[in-house]
Amino acid sequence: MPRRVKTQSPEVKTRAKAPRGHRLTVLDLYCGAGGFSEGFRSVGCKIVGGVDHWRPAVDTFNCNFRLNGNPIDIRTLEGNEELIEQLPDTDIIVGSPPCVSFSYSNKLGNADKTEGIRLIKIFFSIVAIKKHKRGSRLIAWYMENVANASKCLPDRYTFKDLGLSRWATKHGIHATATAITIKRNEAVLNAADFGVAQTRKRLFVSEINRRRARSRGFTVIADVKMRTIKQFVPARAVRSVLPAPTCKVSSRQIRDPIDGSIKIPLRQLTDHFYENGAYQIHWRDSWLLKTSHPYMGKMAFPENEDKPSRTIMATPFPRSREALLYESEWKRIGDGKYRGPTIREAASLMSFPVTYQFIGSEGAKWRLVGNAVCPEVSRALGVQLLKTLGLTPLRIHRSILPKPLSRIPNLNTFSPKRYDQPPKRQALARFRSHPLKAASMTVALANYDVAKRKEADGNWRCFVTYGIGDGYKIQTVDLRRLRKIRRAVEEATVQGGAFVDHITNGFSAKIPPARLLQDLYESNVGQKGQMLGPHRLLEEAKKIILKFSDSDACLSSSLGLFLRKSVPVSQLYALFAVGHIVSIARTKKGSFS
């Protein structure tokens with residue numbers, strides 16, 4: 001506790017009686033869908049309020065916790081002690097400030113973090129006032145954020161750091177006294193360790209005020225360890241319990257994948273019976289990024305359901321490396337062959353009960369689910385708190401759906417999706433891909449300067465990349481050396497001459513002029529007549545390379561063409577194939593169709 005300045009009216013200390021049972025009250029800041037609150041509700045706590053600026057979040061929170069709050073932009077509380085005092089005084093405060101600034105998926109974690117730090121400080125300023133005010137009843141607080149946020153947090157915040165100098169002085173506290181302690185109060189927790197069918201690592205910062213708990217009559221037990229299950233729950237364990245999205249309306253009962261004691265009629269299962277398939281152009285991009293990324297490791301495609309699901313994101317991009325894609329039960333070929341999780345599947349993978357409802361459009365529901373705190377992790381925190389206070393945790397099942405269910409927006413259609421709006425890319429969209437990856441090397445075709453990471457300009461280029469991770473190297477290929485590359489291929493192996501003949505004859509006719517190559521890529525058209533788009537060209541090149549070379553065979557000398565002395569024969573062949581594509585595209589005449 002910070003040192004107080006002596007005043008004329010010293011604080012009168014009173015010993016409060018322990019509340020009946022353990023109906024501890026909870027205030028949820030940046031509440032979102034309410035995953036943080038759901039975990040504490042399930043152990044017997046009473047949720048009295050949620051603060052969020054986004055209407056779908058507030059509507060979802062109100063629906064599930066039977067409240068009637070309105071949207072509040074928490075930034076309006078910054079530096080406004082009077083408004084903060086108007087928030088309900090509770091035993092527990094939880095909060096999950098928006099993490100976009102810190103997320104690794106945002107510019108590899110290098111985005112501007114100013115706003116993210118600001119939102120965290122607002123959370124801590126509210127906690128500080130509620131914790132240090134006279135007559136405070138706050139026993140514990142918890143904050144969640146992405147693991148990367150830990151790099152931006154100090155060991156402690158003073159009242160001055162939080163903009164509370166005036167408030168501290170007014171309450172007899174030095175402005176430089178510690179308001180919030182971070183060091184030794186933080187931990188990165190993996191949801192998979194708590195029975196959640198998802199690998200999701202998040203930073204939690206928390207404090208249990210044992211002194212205040214004792215003053216309120218609780219029997220405080222020291223050093224209560226948080227229980228972790230330490231047994232991964234495979235995604236299949238969740239998805240196999242939920243019926244297939246193709247299922248028809250039925251009155252049969254289904255169990256909750258997480259809490260088997262919860263049963264509801266199948267017809268009451270919301271946000272699940274609809275087709276969520278990806279266009280072929282999107283899932284192909286995802287497949288390439290997962291299985292043959294130029295400088296990152298290989299990932300499963302489709303998802304390996306014998307392991308916990310990968311982290312669910314707030315925005316599903318079906319053409320990204322992070323996309324969750326399963327083989328669709330709708331039995332499609334091409335468009336719709338793979339699909340993302342339904343909202344209900346994603347919510348169950350997050351450990352929300354099947355009775356929990358989400359309000360808003362499909363995009364809003366995805367954001368609500370993907371940004372949430374996993375309720376089972378929050379529940380573990382609640383169990384730890386109650387045991388610390390000498391109380392017995394309960395398991396209060398959410399067995400009843402909110403009423404009336406008919407008024408809750410539901411994505412169920414029980415009908416297939418029409419793939420009649422094929423996506424198109426924006427003008428001068430960037431392209432970068434390669435025929436194959438071997439020995440942590442790729443030979444890439446690109447329409448922009450990869451080394452300088454510039455925007456696309458429609459001029460096609462050839463690059464070689466080496467290594468995995470942030471330190472990978474990029475070599476720009478000078479096509480004036482294409483003849484030397486050709487001779488190296490012809491002399492490298494017995495099949496080299498045949499490979500060159502195949503590339504320079506029949507394959508050349510499939511290469512369009514540079515402008516048409518860009519047009520085919522932007523319009524997502526695989527080919528026009530005999531000419532192929534960039535993805536199709538690289539697929540054809542790969543087939544030819546593997547036909548004429550042993551993918552495991554290596555050359556002891558790269559003949560000065562590569563940055564390595566030993567390279568796979570397949571990559572030498574790829575160097576000539578991609579270089580030839582660029583050379584022909586530059587020299588052929590043509591225009592946009």
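The values are calculated or read from the model by the stated rules, or taken from the named source; none is laboratory data. Just so it is clear, the model here is predicted, and its values are computed rather than measured. Methodologically, a virtual Cβ is constructed for each residue, glycine included, from the backbone with ideal geometry; neighbour enumeration extends over all protein chains shown.
What the table below lists for this structure:
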| item | result |
| --- | --- |
| Count - residues of region 200-247 that are of a type in the set (Phe, Trp, Tyr) and closer than 16 Å to residue 386 by Cα | 1 |
| First in region 131-150 and assigned by TED's automatic domain parsing to the domain that holds residue 31, second anywhere and part of a strand (DSSP E or B) and of a type in the set (Val, Ile, Thr), Cβ under 6 Å, 6 or more apart | 140/92; 140/208; 141/93; 142/94; 143/205; 147/188 |
| Filtered residues of region 48-103 (kept if surrounded by fewer than 22 Cβ atoms within 10 Å (Cβ to Cβ), more than 28 Å from residue 403 (Cα to Cα) and of a type in the set (Gly, Ala, Ser)) | 79, 103 |
| Residue pairs meeting the criteria (Cβ under 9 Å; at least 6 apart or on separate chains; first in the same structural domain as residue 447 (by TED's automatic domain parsing), in region 522-541; second surrounded by fewer than 16 Cβ atoms within 10 Å (Cβ to Cβ) and aliphatic (A, V, I, L, M)) | 522/427; 522/428; 522/429; 530/509; 531/509 |
| Candidate set: region 439-472, residues that are small (Gly, Ala, Ser) and over 29 Å from the mean Cα position of the chain (by Cα); chosen: the one modelled with the lowest pLDDT | 458 |
| Criterion violated by residue 565 - all others in (1) under 27 Å from residue 422 (Cβ atoms); (2) outside any helix (DSSP H, G or I); (3) of a type in the set (Lys, Arg) satisfied | (1) |
| Cβ-Cβ under 7 Å pairs, at least 6 apart or on other chains, region 305-320 side more than 17 Å from residue 242 (Cβ to Cβ), far side of a type in the set (Phe, Trp, Tyr) | 307/232; 314/366; 315/366; 316/366; 318/283 |
| Residue within region 276-293 that is touching a His at 6+ places or on another chain (Cβ under 6 Å) and at pLDDT 95 or above present | no |
